[in-house]
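K.L.:
Here it is, the structure in full.
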Amino acid sequence: MACEKKTVSSFTVKFGLMLLAGCILAPISLATVFRHSAVPLQTLSLLFSVGPASSVKWGEERLGSHRYGRIKGPVLCDFSSSRSDVCELKGDVRVLPNATIVIHHPWAKRQSWRMKPHGRKNDPHALARVTEVTVASSHHTAGAAPRCTASHTAPAVVFSVGGYAGNMFHDLTDVLVPLFITTRRFGGDVHLLVSDAQPWWLDKFGPLLGGLSRHAVVDMGRGSRGVLCYPHVILGLQFHKEMSVDAARTAGEYSMADFTLLARRSYGLTRDTAIRLSDGNRSSVVRPRLLLISRKSTRAFTNAGAIARAATALGFEVVVGEPARHADLPSFARVVNSCDVLVGVHGAGLANLVFLPAGAVVVQVVPLGGLDAMAAEDFGAPARDAGLRYVHYGISVEESSLARRYPRDHRVLRDPTAVRREGWMALRAAYLVGQNVTIDVRRFGGALRRAMELLRQTHE
């Protein structure tokens, strides 16, 4: 769930020539600005201009916007997002093996700051698995900066895949979709410098990373690679929304549909559009394929067989499966892409919707707990953004395993709002970890028939 956003009015503090006029004012360090500013750090946007003047700007610039081309100076940091911090460094930028980035400039003051380049900056549990990066400036003097081992002309993006790596929803939401947003402007001519990546993670998403960059991925956590030098380095990833791209922020130049097209191309998937149905072929051999995501642990279907039989009776060809955490993703992606409908209980398995052909249908089964808004944000909006159709099925109390665990007047069943007020961990324990679903197949038939109707509308 997205963290609460705080709005701070924009204003600009200009220092004029005071970095050079030491006789008038004492030099003001980055740490001093951070320490004495009344503006919270997460809303601070920094612009260091090297030349006759320096300035510090709060909340005025937005990375990747149409104004980007007019921004001057070697360093621009945007801390205004509630989800991620991003710094752009231009000039002589050197990436060291010890998670340090040095920007080398003749007039630069010696100063530094630290960042964790990940898409959940306010989640301490996620950040505990993220390597901190130090950014430092240095003078163009002999020995002031380490010598380059390799120099590149293309830019680089430095990011971490720590946090909740291995959960498909988080891999996409926190890393891969933001990486797509951040690198889109470079057209593949960008180096990816990744930290906290297990070998299985790089293998699993290697095809997609290869679709984002024509250069080999640099694993910053393994082996000695020396000092890598670039003219432009982006530290951190731009975040828009849960598992999606906000097309309004890209001026319509690209959307989540472009990401899903990239995902299909990266994994060699051949279907770009869902099945074409019409009233005339309802009884023909053409049957839309339905993939039922059957979880084995929490939020599992207890009657997957009955659901499959009901869907078959309505005219679907049913496939039942669940992607393993470290599964052969290309193989499972081919299964997903061969289907026209994806059905699953709210959870990471639904993130595989990125492999569905355009016009396919996602049916999300939402457990008890007042989870409808969160479920719609996590998977409903991304599905629609990707050019898919969406059906939202909220279960009844009788369909939840909680109805057999608690008396009917227990507050877990009677008042989920009160449980949610106790915080995320209380909600997770009550409704996400300890709840399974026994679908009322007669009631669920309405959702399945709606999915069939949407497939008939897709190409009309």
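The values are calculated or read from the model by the stated rules, or taken from the named source; none is laboratory data. Note that the structure is a prediction, hence the values are computed from the model and not measured. Cβ sites come from the backbone with ideal geometry, for glycine too, and all protein chains shown count toward neighbours. Heads up: the accessible areas ignore ligands, DNA and RNA and are worked out on the full protein's heavy atoms, side chains in. Shrake-Rupley method; radii C 1.70, N 1.55, O 1.52, S 1.80 Å.
K.L.:
For A351, state whether it is more than 22 Å from the chain's Cα centre (by Cα) and not hydroxyl-bearing (S, T, Y).
P.N.:
Taking the combined requirement at face value, the residue does not satisfy it.
K.L.:
From the set of residues in the stretch 412-429 that are within 28 Å of the chain's Cα centre (by Cα) and of a type in the set (V, I, T), which is surrounded by the fewest Cβ atoms within 10 Å (Cβ to Cβ)?
P.N.:
Filtering the stretch 412-429 for residues that are within 28 Å of the chain's Cα centre (by Cα) and of a type in the set (V, I, T), the one surrounded by the fewest Cβ atoms within 10 Å (Cβ to Cβ) comes out as T417.
K.L.:
State all residues of the stretch 312-334 that are in a helix (DSSP H, G or I), farther than 28 Å from R442 by Cβ and hydrophobic (A, V, I, L, M, F, W, C); if no residue qualifies, say none.
P.N.:
Within the stretch 312-334, L329, F332, A333 qualify.
K.L.:
Looking at the stretch 212-246, which of its residues are open to solvent by 40 Å² or more (accessible area, probe 1.4 Å) and outside any loop (DSSP other than H, G, I, E, B)?
P.N.:
Residues satisfying the conditions are P231, K241.
K.L.:
Within the stretch 387-411, take every residue that is crowded, with 18+ Cβ neighbours inside 10 Å and β-branched (V, I, T) and give me the one that is farthest from T173 (Cα to Cα).
P.N.:
Residue satisfying both the conditions and the ranking: I395.
K.L.:
Tally time: how many residues in the stretch 430-460 are within 28 Å of the chain's Cα centre (by Cα), loosely packed, with under 13 Cβ neighbours inside 10 Å and at pLDDT 95 or above?
P.N.:
Residues in the stretch 430-460 being within 28 Å of the chain's Cα centre (by Cα), loosely packed, with under 13 Cβ neighbours inside 10 Å and at pLDDT 95 or above: 0 in total.
K.L.:
Among (1) closer than 30 Å to S400 by Cα; (2) touching a helix residue (DSSP H, G or I) at 6+ places or on another chain (Cβ under 8 Å), there is one condition A300 misses while meeting the rest; what is its number?
P.N.:
Status for A300: all satisfied but (2).
K.L.:
Of all residues in the stretch 172-190, count the ones that are in contact with a Pro (Cβ under 7 Å, 6 or more places away or on another chain) and either open to solvent by 10 Å² or more (accessible area, probe 1.4 Å) or of a type in the set (S, T, Y) (or both).
P.N.:
1
K.L.:
Within the stretch 356-370, which residues are buried (at least 19 other Cβ atoms within 10 Å of the Cβ) and under 26 Å from N303 (Cβ atoms)?
P.N.:
If the condition is that a residue be buried (at least 19 other Cβ atoms within 10 Å of the Cβ) and under 26 Å from N303 (Cβ atoms), then L356, A360, V361, V362, V363, Q364, V365, V366, P367, L368, G369 are the ones that fit.
K.L.:
Hey, can you tell me all the residues within the stretch 191-211 that are in a loop (DSSP other than H, G, I, E, B) and surrounded by fewer than 18 Cβ atoms within 10 Å (Cβ to Cβ)?
P.N.:
Across the stretch 191-211, the qualifying residue is only Q198.
K.L.:
Quick check, is R276 assigned to a helix (DSSP H, G or I), more than 29 Å from W200 (Cα to Cα), in contact (Cβ under 8 Å) with a residue 24 or more places away in the chain and in contact with a His (Cβ under 8 Å, 6 or more places away or on another chain)?
P.N.:
no
K.L.:
Among (1) surrounded by fewer than 17 Cβ atoms within 10 Å (Cβ to Cβ); (2) touching an Asp or Glu at 6+ places or on another chain (Cβ under 7 Å), which single condition is R384 missing?
P.N.:
(2)
K.L.:
Then there's this: Which fully enclosed strands (runs of 3 or more DSSP E) of the stretch 87-160 have 3 or more residues being modelled with pLDDT of 95 or more and surrounded by 14 or more Cβ atoms within 10 Å (Cβ to Cβ)?
P.N.:
Correct list: 156-160.
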